[in-house]
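Peer 1: Sharing a structure with you now.
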Amino acid sequence: MKKRLFTSVQMIPISFFVAIMVGALFLMLPFSSASGKWTPFVDALFSAATSICVTGLTVCDTGTYWSLFGQIVILILIQLGGLGIITVASMFMLTTQKKFTLADRMMVADALNLGKTTGVLRFMISLFKGTFAVELFGALVYATVFIPKYGVARGIWVSIFNAVSAFCNAGMDIMCCDSMVGVRDNPLVMGVTMALIIMGGLGYVVWFDFCDKLKNGVIKKFSPVQIFKRFNEHTKLVICLTLFLLFAGTIIIFAAEFNNPKTIGKMGILDKLANSFFESVTFRTAGFYSFPQESMTDISCIAAYILMFIGGSPIGTAGGV
């Protein structure tokens, strides 16, 4: 086996650093900005880093500051961050039929935190297929709303961008300057956004175990309880903890913001519940918002800190511990 110049532990941060720097250099170029002017290096570097690390923080409004080229660069960085640079590079090696050595398998296993090399290629292929299938579904649902609103070309682009951003838990959008505030009364847009965020945050291991046990349970006509008992311990823990955090966060935000006129105070009961749930979802792993978060009460802020600290589950697109 050919000895590598760098170990997988070294390659992972190096690949992120290189991708961020290359992304920053592209974003600096005049044709990356809508104004056609050079972007300061610090702003470009921050934008590249926040895109590939899918944090949702921005110093330039994604929808108005960047040109189409700049938005494409940001979307590529978001997708790289969501899937993992090592994983994407390894998939490229597979598609070009380059020899995949044991060292390559070990590096992918380390990048995905799998802990083993057996079945790593099959897992990686399933990861890509599942990711693009979910993102495509999300984009198609978004398109039913955004094409009538923005026209065919821009509607399709907004749909694709938002689907990838939501699934990768990046929280960046190109609709307007106030995230989801303008569409918070649209249940379809809000619903698919929450679904994409949650699916990305659950993690791929949970996906595959859930689908496998569900399919087997349906064939054997198991009850929902019997199917749940057959999930592995990781899947059970992730599902239970996710449900608890989502509903606990919703209750806290709903109660804390109920009479706050700057957030949900002026909404009807159902809209208050829907927006409280949306914030509970996005606090954990994404960066969208459906009402001004700077106007939240201290209780909601504390709840947000806790949810953001915990984040999503391992081997997914979300951050957190």
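Peer 1: Would you kindly derive the ³J(HN,Hα) couplings of region 136-143 from the backbone phi angles with the Karplus curve 6.51 cos²θ - 1.76 cosθ + 1.60 (θ = phi - 60°), listing them in order in whole Hz, with x for Gly and Pro?
Peer 2: 5, 4, x, 5, 5, 5, 4, 4
Peer 1: Additional query: Evaluate 2.2 N^0.38 Å with N set to the residue count of the chain, then give the Cα radius of gyration divided by it.
Peer 2: Compactness ratio reported: 1.04.
Peer 1: Just order 300-312, 45-57 by mean Cβ neighbour count inside 10 Å, highest at the front, would you?
Peer 2: Descending mean neighbour count gives 45-57, 300-312.
Peer 1: A further question follows. Past 31 Å, Cα to Cα: identify those pairs from Lys129/Lys229; Lys129/Lys236; Lys129/Lys221; Lys220/Lys272, in the order given. Could the numbers behind the result be given before it?
Peer 2: On the way: Lys129/Lys229 27 Å; Lys129/Lys236 24 Å; Lys129/Lys221 27 Å; Lys220/Lys272 41 Å.
Pairs exceeding the cut-off: Lys220/Lys272.
Peer 1: Okay, which of region 183-204 sit inside 19 Å, backbone N to the point 7 Å along the Cα-Cβ direction of Leu140?
Peer 2: 188-197, 199-200
Peer 1: Further question on the same structure: So how strong a dipole does region 236-288 carry about its Cα centre when Lys and Arg Cβ are +1 and Asp and Glu Cβ are -1, to the nearest 20 debye?
Peer 2: Computed about the Cα centre, the dipole is about 60 debye.
Peer 1: Might you tell me the accessible area per residue for region 157-310, computed with a 1.4 Å probe and given in Å²? Display every interim value, and only then the final one.
Peer 2: Working: 7170 Å² over 154 residues.
Dividing the accessible area of region 157-310 by its residue count gives 47 Å².
Peer 1: Oh, and also: Counting only residues 5 or more places away or on other chains, whose amide H sits under 5 Å from the amide H of Ser33 once H atoms are built in the peptide plane?
Peer 2: Ser67
Peer 1: Provide the gained length on full extension for the span Ala248 to Leu270, in nm with one decimal, where the gain is 0.36 nm per separating residue minus the Cα-Cα distance.
Peer 2: Going from the current span to full extension adds 6.2 nm.
Peer 1: I need to check one value: relative contact order of region 260-313, counting alpha carbon pairs closer than 8 Å and at least 6 residues apart, in percent.
Peer 2: On the way: 39 pairs, mean separation 21.7, N = 54.
About 40 percent, as a whole number.
Peer 1: Put Lys266, Lys149 in order of accessible area, largest first, 1.4 Å probe: what do you get?
Peer 2: Most to least solvent-accessible, the answer reads Lys266, Lys149.
Peer 1: In whole Hz, what ³J(HN,Hα) sequence does region 270-276 give by Karplus (6.51, -1.76, 1.60; θ = phi - 60°), x for Gly and Pro?
Peer 2: Karplus values, whole Hz, x for Gly and Pro: 5, 5, 4, 5, 4, 6, 5.
Peer 1: State, as an integer percentage, the relative contact order of the chain based on alpha-carbon contacts under 8 Å between residues 6 or more apart. Can you show the working numbers first?
Peer 2: Details: 473 pairs, mean separation 52.8, N = 321.
Rounded, it is 16 percent for the chain.
Peer 1: Now a separate question. Can you divide the C-alpha Rg of region 116-185 by 2.2 N^0.38 Å and report the result to two decimal places?
Peer 2: After normalising by residue count via 2.2 N^0.38 Å, the value is 1.36.
Peer 1: Quick one: with all protein chains in place, what share of the accessible area of the chain is carbon or sulfur, to the nearest percent (1.4 Å probe)?
Peer 2: Taking all protein chains in place, the chain shows 71 percent carbon and sulfur surface.
Peer 1: While we're here: Using the Karplus curve 6.51 cos²θ - 1.76 cosθ + 1.60 with θ = phi - 60°, what ³J(HN,Hα) values do you get for each residue of region 68-77, in whole Hz, with x for Gly and Pro?
Peer 2: 4, 4, x, 5, 5, 4, 5, 5, 4, 5
The values are calculated or read from the model by the stated rules, or taken from the named source; none is laboratory data. Everything numeric in this text was worked out from a predicted model, so none of it was measured. All Cβ positions, glycine included, derive from the backbone under ideal geometry; neighbour counts span all protein chains shown. Note: accessible area is taken over every heavy atom of the protein model, side chains too, but ligands, DNA and RNA are not part of it. Shrake-Rupley method; radii C 1.70, N 1.55, O 1.52, S 1.80 Å.
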